[in-house]
Amino acid sequence: MKRLFFKILAYGFLILLLVEALVRGLHLHKGTPERMIDEKGVEKWVPGQSGFVTTGNRRQNFSEYRINDLGFNSYREFDPQTETYEVALIGDSFIEGFHQDYYNSIGKKIERRMPELAVYEFGYAGYDLADELHLVQAYDELFEKIDMVVVYLHYPDDLLRNRYWVSEERLKLQKGMYGLLQHSKLLVYLQNIGFLNSMTKQLVSWKHAISGSSGGKEKSEGNKDQGLEHKTLENFKDLVGQPGLNHEKIVFLVDEQLLSEDLKNYLLTAGIPYIDYGKVLRQEKAPVTLIYDQHWNDLGRELVAKAIAAYLVNEQKPPIVQKQIPLNLHEEYQ
C-alpha cells in the first residue's frame, strides 16, 4: 500500500512536470510583462521588456509586445520634434494593444493613413481618467511638446473617482504568495482560463452550504445606483478642472451612445471636443470585437484609427499633416 502511494505521488509529479513543460512550450500562459510605479507615481510596465501575450482560452490570440524606454507598449520611442505633428493616445487595455502585435497597433494604423504624423501610445490595462490625466501632468515636459492628446474614456468605469492616488493593487499580483505562483506557468494558465476561480467559488459555496449561511446579501440587478450619473459627471468635472491641464490639446475618445445624457450635454455645453468611435463601429456589419471578450479585433482597431484620423483631417487640420493628405482622403471620412 505504501509503495502504491509513493508511485501515485511520483507519477503525479511527473505528469505535472510534463503539463508544465507543454504549457511553457506552447506558450498557453498569458505572459504579460512586469509592472512598476515610477518616481512620478505613474503605474506602467518595466521598460525594455519584450515577448508574447496569450489571451483567451486555447491561445485564441497570440501577439507580440515591446515595452519602450518610457514603459509603454509601442513600436517607437517617444521623442517629440518641432518639425513633426505628434499625437498622444492615452488609455487602458484597449489602447495598450496586447491583443495585437505592437507593430500593427492603432497608432501605427493612424500613421499609415497620415505618414507625416507621429502617434505615441500611452496604454496600460486598468487606467481610468484619473490615471490618464495624472500621466499628462506627471510628464508635463514631454506633453508640452506633443500637439494633441487623445484620451480614451469608457463610461462609466473610468469615472468612479474624482482624484488620483497611487494604488498598488495590481502590483500585489507580483508579490507574496501570488508572485511565487507566477513561476508556475501551469497555475498561471489555469487562473487565466478561470479554473482556479471556479474551484475557489465551489469551495466557498460548499462552506456556505455546510454553515447554512447565504454568503452575503444578494444584489438585485434592478437595484442600480440612482446617483451614478450625477457622481460620474461631478468626477469628470473635478478631474478635467485640475490646474495645469492644457485643455486646448485634449480631445476625448468616447462611444457617445454609452455616455449619460448629463455628461453628453456637459461636453457639448462646455465645448469639450470628443471623437465618437462608437458610431463607426456600429455601422460595420462584420464583427469588430474579439470572440471571447469586448476588446476590439483588427477590424475594430482599424475603424477606431479611421475615426481618429477623420477628426484630425476634418477638425484639427494640423498644417504639417494637411500638406501631405491626398485630396480624396476627406471624402473617405464623410
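Miscellaneous remarks
- Within the stretch 241-281, the residues that satisfy the criterion of being of a type outside the set (D, E), in contact (Cβ under 8 Å) with a residue 12 or more places away in the chain and part of a loop (DSSP other than H, G, I, E, B) are Q242, G244, L245, N246, H247, K249, L259, S260, I272, P273.
- Selected residue [modelled with pLDDT of 90 or more and closer than 22 Å to N246 by Cβ] from D128, D69, D101: D128
- Verdict on K30 being under 21 Å from K172 (Cβ atoms), surrounded by 14 or more Cβ atoms within 10 Å (Cβ to Cβ) and at pLDDT below 75: yes
- All strands (runs of 3 or more DSSP E) inside the stretch 44-123 with 1 or more residues being within 13 Å of the chain's Cα centre (by Cα) and under 18 Å from Y277 (Cα atoms): 85-91, 117-123
The values are calculated or read from the model by the stated rules, or taken from the named source; none is laboratory data. These numbers come from a predicted model, not from an experiment. Neighbour counts are summed over all protein chains in view; Cβ atoms, including those assigned to glycine, are modelled from backbone coordinates with ideal geometry.
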